[in-house]
Each structure stands twice: as C-alpha cells, then as structure tokens.
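The values are calculated or read from the model by the stated rules, or taken from the named source; none is laboratory data. As the structure is a computational prediction, the values presented were derived from the model and not from experiment. Here the Cβ positions follow ideal geometry from the backbone for every residue, glycine too, while neighbour counts run over all protein chains shown.
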Protein chains: 2
Amino acid sequence: MSLLVVGSVAFDSVKTPFGVAEDVLGGSATYFSTAASYFTDVKLVAVVGDDFPEKHVSFLKSRKVDVEGLQRTAGKTFRWKGEYGYDLNEAKTLETHLNVFEGFKPEVPESYKKPDVLFLANIDPVLQREVLHQVERPKLVACDTMNFWIGGKRAELVRTLAEVDILLINEGEARELAGEPNLVKAAKAIQGMGPSTLVIKRGEYGALLFGTDYVFSAPAYPLESVFDPTGAGDSFAGGFVGYLDNMHNFDEKSLKQAIIFGSVMASFNVEDFSLNRMKSLDYKEIESRYREFRKLTLFDDIA
Amino acid sequence: MSLLVVGSVAFDSVKTPFGVAEDVLGGSATYFSTAASYFTDVKLVAVVGDDFPEKHVSFLKSRKVDVEGLQRTAGKTFRWKGEYGYDLNEAKTLETHLNVFEGFKPEVPESYKKPDVLFLANIDPVLQREVLHQVERPKLVACDTMNFWIGGKRAELVRTLAEVDILLINEGEARELAGEPNLVKAAKAIQGMGPSTLVIKRGEYGALLFGTDYVFSAPAYPLESVFDPTGAGDSFAGGFVGYLDNMHNFDEKSLKQAIIFGSVMASFNVEDFSLNRMKSLDYKEIESRYREFRKLTLFDDIA
C-alpha cells in the first residue's frame, strides 16, 4: 500500500506549564508522517526554507518517509509559536510566520501519483484539492481542516469536502462547520457535505467515529503527565490513516481499530515536546498501549 | 438487598434552549431513587414542605420507593431555578430557596437501619455523616458532593470522605478538591482521602472509574436531542448504585457494568424535562440501551 500526505513542515516554539521548547521540529505533515510511519510507507509533499537543517530530513528518512516531494525554497521555514495553560486542550497562538509556506504550490512527484490513500493535512482547501487532482483517484481520501478555513474559505472547503471520504475535525469546529450545537446532528450535516465517515476529535475526551450507520466512541488514554499537546491531532491522524493504509481495508472493524491506533499515537506524542516521544517508540509499545485501550473500555454484556 | 438514600426532594424551574418547565418534581434523592428503582428497592430519607402534592409521593410509591423516611415539615419545599444554554454541560443557577431543607435533620426510621448500600446524595457533608452514623455500617457507602461544599465546608467534607467507599464527583470538582489539574493525579489524591473507588462524571463526555488498580472509561450516549440535563448526575448515580445493590457484588466487573447502567439512566433522563422520561421507561429499554453502549465502545483486539 502507499500513503501520500500533503501538509506543513514547520519550526514550533512551544511553552507549556511543564517547560519550553524553542524552534523544534513540527508541522502537520511531520507529525502525521512520523506517526503513520509505524504502520506503512509514507510519501510526503511539503515545503521548507533554506534554513531547514539536514538532520530533520535525515530523521524523516530514518522513518522511511519518502521526501522526494519535500520542496526546498529560498527563504525561511514556516514558524509557529504557541502557549498552553493548565487546560491543555487549547493552544494560544502567539505568532504565525507562514514564510515559504505562503507561496506553497504543492507538486506531486511522478512516483507519488498512484497513492492508495491520500491524507490532506490541515492546509488551504484550495491546495488540498490541487493535490487531490494531481493524483489518480485514491481508494481513500481523508482530510483535516480548522476554524481558520471554516470561517475564511468556507465555499472552498465545502468543495473539497465533496471529494473526500473521511473528514477529521475538532469537536468545536464540527459544530461551527455544521452550524449546529448538537454533535450527532452536526455529524449528519457534515456527512451530507461529502465525507461518508467523520472523525470528531475531542482532545482529552477522545474521539467519535461516525460511520454510515454506526457510531463508535474512543476514549483518550488517561495520562498522568501530559507534557505538550502540540501535534496530537496530526499524530492521531497518522496512526488512524497509517493503519488503514496498512490494512488495505476500510470497513467498520478496521475503522474502529484505526481510531484506537490514532488514539495510541496521540497519547504517546503528548508525553514529550516535539516528536521526541515518537522518535523513541517501538512497535511493541504501540501494541501494548492498544491493549491498554481495550482494558480501559471493555465491559461485560448482561446475561 | 436494600438501598438507602438521603438527599433532596425539590421543585425545579428549568429553562433550556428547547423549552421551559415550571415547578416540576426534582431533587437529588428523587432522581436517584427513581433511577435506582429499576434495579432494586429503595428507601428514601428527605424532607418536603406542606406544599408537596400527594401525587408526587404516589409516583415514588408506584416506583416501590419506601417513603417512610420522607419527612413533611410546615413550610415550603426546596425550590431551584436554573437555565442552560446550548452548551448543556453546565446549569446557570438563577434562584435557590432551601426552605424546609434549611433546617433538615435527617432521621433514619428503624426499618431503614440495616441498609446493604447507602447513598449520600449531594447535601451538607455534616448531614451525610449524621445519616451514616444512624445506621449499621453498610457493605458499601457511596456519596456525591459539589463545589459548594468543597469550597465552603472542606474540612467536614474530608471527614465524610474518610468514611466513604465510593465518591461520585464532577470532573472540575475533582480537580478543585485535589488541587491538581491532571485528572489521573487528582484521582489518586482523592483516593488517598478515603474512597477506594472514584467515579468522575464528565457530562456529555461520559465518566471515568478509578478503581484500586485499574481505570475504566465509559462514554456518554451520543444523543440527537438532549432536552434537559437536570438530574443527569443523580440518575447516573441511581443506575450505578442501584445496580450494585442488586448484584450484591462490588468487584471490578460489577463496577464497570454499573457505570454503564448509570450512563444508560442518565442518557434517558436528559431526553425530557424532570423525571418524565424515566417515568415511562421499562427495563427492556434499559437493557437495549446497555447493549447500544457495548456497540458504541467495542473494538477488536489485534492479532
């Protein structure tokens, strides 16, 4: 199987109640690729500036991420600066410098043009569609988005959603996109826009999966120390989509398991700054935490 | 088995985005008893004024709730007025008139003095202890509390907690009680105060059960129409404690199942104002929703 992702590669500066990290590796495509790399081979389309150090590229290569689609442009790499309070659910953005990302024209290399699965990370919905139209229609197209596009480029986002199979979206953003406070009704409304499957991310409360005729609820892993939530959503998406690509099966059973693998990857990612925890992971730890999720949620039927 | 509850019986006036209910039957002990009555026989200790209509007493009797311990005092019944916005998670209290509840001295009738299980609903921790000390030590003592007592009568609450087996508490209140933002750490701190088992209620996000050496996560049922959240926590407690009393077994397996029955009762309760939905329930519906919770959370192990 083959998985293609387009998104951002960035430098993040993050402050949480537990510490500070300056100019560390970040970006939606970075977190996604790294998490997905534990399940399948990933091809990356993104842009960095001439300040992007080779060691980060080497790291991605060490995770067997194909970086042929990683453009290098004169200028600086995308930079984000944010802060979290004790309520780690929401980041306060202090600075955003798009830099080379501002003029990003995604170009899908020839060797990438027949992906089985495509993940459109959280970027301009116009760019998401441009990537989608540069490849043969994949068997599965999943995408992420955020309030910035829901508010600012709604019509374009709706056009993108019409071509997408799975949307991953935050709870508040799902309500905003649907204009509906009830989450079940909001999910139905969004499914009506195109994606037959919807994953609603709820931070420390886990995730809901809305399928064609079922709902599935996954908890978050109750962690004693959450260090830095940056990239949790993208790591979640990486585990989720990576597992699906590996299974080559998108049925109800696989989607539910994939949600748990997504939750597993997110739970590891928040245990340290940047991609530090994911860098030191091995697959046995992932399996072991998957089984912890089983224990966390299993209860007996009634007689 | 026998289950004793002490708490409030009240008239509620509630406004939600979906309607208004004036002077309807409410109160923690009322919701609790009604929910628990689907699982076991309940004995009620509470106080009402001389304005309390016989029809409400008849209703409780029809649910086989023993009302020998329901005191009638000259004066008005406890009244609460509240409002919910589209975020149905938190009520805005508009008015609280304690009325006869202000001078409430719980008196446990002789026929109530050997309960197997005791539930101390959300009242003054001093009164909770007075009830506990009027009965033979039950096999299981569970209690509820709220920010009002955590802030205002902390020392008394801590004394009560030292004598309790299970505490049910809201998420924010657990953090406040423990003085700790991380929920896992907060749970450990509270378990150190006495209750070996802790149930953290998270509204539309479900509940967490912290046992002696395990954690269990239960989702809330994704409802398309939540009408009125009043009494959800007490209905939850009623299903949870009522099931445990019925099982006469407080092991890990039963506690997990009990959490689901609690969630089932809460999910029904919010579908209508006051106790209207619980009034029309039958046990088959409860079992059927229990199985819906299984479908909602079950996923396959990895090979």
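So B:Leu255 clears everything in (1) hydrophobic (A, V, I, L, M, F, W, C); (2) under 30 Å from A:Lys185 (Cβ atoms); (3) within 10 Å of chain A (Cβ to nearest Cβ) except one condition, right? Which one?
Among (1) hydrophobic (A, V, I, L, M, F, W, C); (2) under 30 Å from A:Lys185 (Cβ atoms); (3) within 10 Å of chain A (Cβ to nearest Cβ), B:Leu255 violates only (2).
Considering each residue of the stretch A:64-89, count those that are over 15 Å from A:Leu44 (Cα atoms), of a type outside the set (Val, Ile, Thr) and in contact (Cβ under 8 Å) with a residue 12 or more places away in the chain, and give that number. Break it down into steps so the answer makes sense when it comes.
Taking the stretch A:64-89 and keeping what is over 15 Å from A:Leu44 (Cα atoms), we get A:73-89.
With of a type outside the set (Val, Ile, Thr) added as a condition, the list becomes A:74-76, A:78-89.
Now narrow it down to the ones that are in contact (Cβ under 8 Å) with a residue 12 or more places away in the chain: A:74-76, A:78-86, A:88-89.
So the count comes out to 14.
Out of the residues in the stretch B:192-224 that are assigned to a strand (DSSP E or B), farther than 27 Å from B:Gly26 by Cα and within 11 Å of another protein chain (Cβ to nearest Cβ), which is farthest from the chain's Cα centre (by Cα)? Full working, then the answer.
Filtering the stretch B:192-224 down to residues assigned to a strand (DSSP E or B) leaves B:197-201, B:207-210, B:215-218.
Cutting the leftovers down to farther than 27 Å from B:Gly26 by Cα gives us B:197, B:210, B:215-217.
After this cut, where a residue has to be within 11 Å of another protein chain (Cβ to nearest Cβ) as well, the list is B:210, B:215-217.
Numbers: B:Phe210: 17, B:Val215: 21, B:Phe216: 19, B:Ser217: 18 Å.
Among residues in the stretch B:192-224 that are assigned to a strand (DSSP E or B), farther than 27 Å from B:Gly26 by Cα and within 11 Å of another protein chain (Cβ to nearest Cβ), the one farthest from the chain's Cα centre (by Cα) is B:Val215.
State which residue is farthest from the chain's Cα centre (by Cα) when the search covers only the stretch A:230-256 and only residues that are polar (S, T, N, Q) and surrounded by 24 or more Cβ atoms within 10 Å (Cβ to Cβ). Outline the logic, then answer.
Just the residues of the stretch A:230-256 that are polar (S, T, N, Q), to begin with: A:230, A:235, A:246, A:249, A:254.
Right, trim to surrounded by 24 or more Cβ atoms within 10 Å (Cβ to Cβ) and you get A:230, A:235.
Numbers: A:Thr230: 11, A:Ser235: 5 Å.
Within the stretch A:230-256, the match that is farthest from the chain's Cα centre (by Cα) is A:Thr230.
Hey, which of the strands (runs of 3 or more DSSP E) in the stretch A:68-166, taking only ones fully inside, have at least 1 residues that are surrounded by fewer than 13 Cβ atoms within 10 Å (Cβ to Cβ), in contact with a His (Cβ under 6 Å, 6 or more places away or on another chain) and at pLDDT 95 or above? Let's see the steps before the verdict.
Numbers: elements: A:79-83, A:92-97, A:117-120, A:140-144.
Filter on the stretch A:68-166 gives an empty set.
Could you grab me the full set of residues in the stretch B:258-283 that are without any contact (Cβ under 8 Å) to a residue 40 or more places away in the chain and within 12 Å of another protein chain (Cβ to nearest Cβ)?
B:Ala258
Just wondering, is there one or more residues in the stretch B:181-189 that are closer than 17 Å to B:Tyr290 by Cβ, of a type outside the set (Phe, Trp, Tyr) and in contact with a helix residue (DSSP H, G or I) (Cβ under 9 Å, 6 or more places away or on another chain)? Working first, answer last.
Keep residues of the stretch B:181-189 that are closer than 17 Å to B:Tyr290 by Cβ, which gives none.
There is no residue in the stretch B:181-189 that is closer than 17 Å to B:Tyr290 by Cβ, of a type outside the set (Phe, Trp, Tyr) and in contact with a helix residue (DSSP H, G or I) (Cβ under 9 Å, 6 or more places away or on another chain).
Report whether or not A:Phe227 is within 14 Å of chain B (Cβ to nearest Cβ), in contact with a strand residue (DSSP E or B) (Cβ under 7 Å, 6 or more places away or on another chain) and more than 19 Å from A:Thr34 (Cα to Cα). First the steps, then the outcome.
Values: within 14 Å of chain B (Cβ to nearest Cβ): yes; in contact with a strand residue (DSSP E or B) (Cβ under 7 Å, 6 or more places away or on another chain): yes; more than 19 Å from A:Thr34 (Cα to Cα): no.
The answer is no for A:Phe227.
Yes or no: B:Asp51 in contact with a Lys or Arg (Cβ under 6 Å, 6 or more places away or on another chain), touching a residue at least 12 places away in the same chain (Cβ under 8 Å) and away from chain A (no Cβ under 14 Å)? It would help to see each step written out before you state the result.
Numbers: in contact with a Lys or Arg (Cβ under 6 Å, 6 or more places away or on another chain): yes; touching a residue at least 12 places away in the same chain (Cβ under 8 Å): yes; away from chain A (no Cβ under 14 Å): yes.
Spelling it out, B:Asp51 is indeed in contact with a Lys or Arg (Cβ under 6 Å, 6 or more places away or on another chain), touching a residue at least 12 places away in the same chain (Cβ under 8 Å) and away from chain A (no Cβ under 14 Å).
Please find, within the stretch A:54-67, the residue that is farthest from the other protein chains (Cβ to nearest Cβ) out of those that are outside any loop (DSSP other than H, G, I, E, B) and buried (at least 17 other Cβ atoms within 10 Å of the Cβ).
Taking the stretch A:54-67 first, the residues outside any loop (DSSP other than H, G, I, E, B) are A:54-62, A:65-67.
Narrowing the set further to residues that are buried (at least 17 other Cβ atoms within 10 Å of the Cβ) leaves A:56, A:60, A:65-67.
On the way: A:His56: 31, A:Leu60: 26, A:Val65: 24, A:Asp66: 26, A:Val67: 30 Å.
Top of the filtered list is A:His56.
Is one or more of the residues making up the stretch A:179-191 more than 7 Å from chain B (Cβ to nearest Cβ), in a loop (DSSP other than H, G, I, E, B), more than 23 Å from A:Gly239 (Cβ to Cβ) and under 20 Å from the mean Cα position of the chain (by Cα)?
Residues of the stretch A:179-191 that are more than 7 Å from chain B (Cβ to nearest Cβ), as a first pass: A:179-180, A:186-191.
From what is left, the residues that are in a loop (DSSP other than H, G, I, E, B) are A:179-180.
Next, from what is left, pick out any that are more than 23 Å from A:Gly239 (Cβ to Cβ): A:179-180.
Going one step further and asking which of them are under 20 Å from the mean Cα position of the chain (by Cα), we end up with none.
There is no residue in the stretch A:179-191 that is more than 7 Å from chain B (Cβ to nearest Cβ), in a loop (DSSP other than H, G, I, E, B), more than 23 Å from A:Gly239 (Cβ to Cβ) and under 20 Å from the mean Cα position of the chain (by Cα).
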